[in-house]
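Each value in this text was obtained by applying a stated rule to the coordinates, not by laboratory testing. Just so you know, these numbers come straight off a predicted model, no measurement behind them. Counting neighbours? That spans all protein chains shown, and the Cβs are built from the backbone with ideal geometry, glycine included.
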Amino acid sequence: MSISASSPSRPCASRLRTLPRIALAPIPLFLLQPLLRFIVTGVARRHPALFNRLGSSQNKAILIDPTNLPFALLLHPRPDTPTLEAVRRKKKVPHDAKITGTFLTLLDMIDGNMDGDALFFTRDLKIEGDTEAIVALRNALDDMDISLADDLAAHAGPLSGALKKSLRALQGIRRSHQ
């Protein structure tokens, strides 16, 4: 039995994709900035070679646009002072490259659970601008062989277990609705 586009699972999958945008919309971005700073400085501290592997792309501004979140993320992957900042999607921020996909698609690609090339060719991932910077970032992450979800969860203190379980549950739900 095949599932058609009008199947009941499609509306459910659609609601799951938009749920993060609805849930996070009321949160002021300035509240996210300390968390994002913690994430990017923690990753840089635990994996110092990551940003160094970017070569000339380490000075590029990369806009990461999770389509089902109410904001985008602006990454400046400088080895000494990397920054990750939440920005409203309506705000036009200067950037060299942009990668767009759902939050879980981007997370699965970063974690190596999904192939970035395949995601690009199936149009689950969109790349604009300096593609060399995006490819350099993806290759650096692949070379490091790290799971960003596991890495973040491991360093979330008392919330680590719950965070890891939540991310894995979301990834499982996503796979079951593809």
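Observations, loosely collected:
- Cα centre as origin, Lys/Arg/Asp/Glu Cβ charges: segment 28-144 dipole, Debye: 600
- Fewest neighbouring Cβ atoms within 10 Å first, the residues Arg46, Arg138 line up as Arg46, Arg138.
- This ranking places Thr105, Thr81 by how few other beta-carbon atoms lie within 10 Å of each, fewest first, which gives Thr81, Thr105.
- Residues His76, His95 in ascending order of nearby Cβ atoms (within 10 Å, fewest first): His76, His95.
- Amide H partners (placed H, <5 Å) of Thr83, local residues excluded: His76, Arg78
- Tensor-based shape of segment 103-146 (alpha-carbon gyration tensor, a/c under 1.5 rounded, otherwise prolate or oblate): oblate
- Entries in Lys60/Lys98; Lys60/Lys126; Lys126/Lys165; Lys90/Lys126; Lys91/Lys164 that, when Cα-Cα distance is taken, lie over 20 Å: Lys126/Lys165; Lys91/Lys164
- Extension gain for Asp80-Asp142 works out to 20.2 nm (0.36 nm per residue, less the C-alpha to C-alpha distance).
- Once the Cα gyration tensor of segment 23-89 is diagonalised, semi-axes √(5λ) in Å: 23, 13, 8
- Compactness of segment 28-144 as Cα Rg over 2.2 N^0.38 Å, two decimals: 0.99
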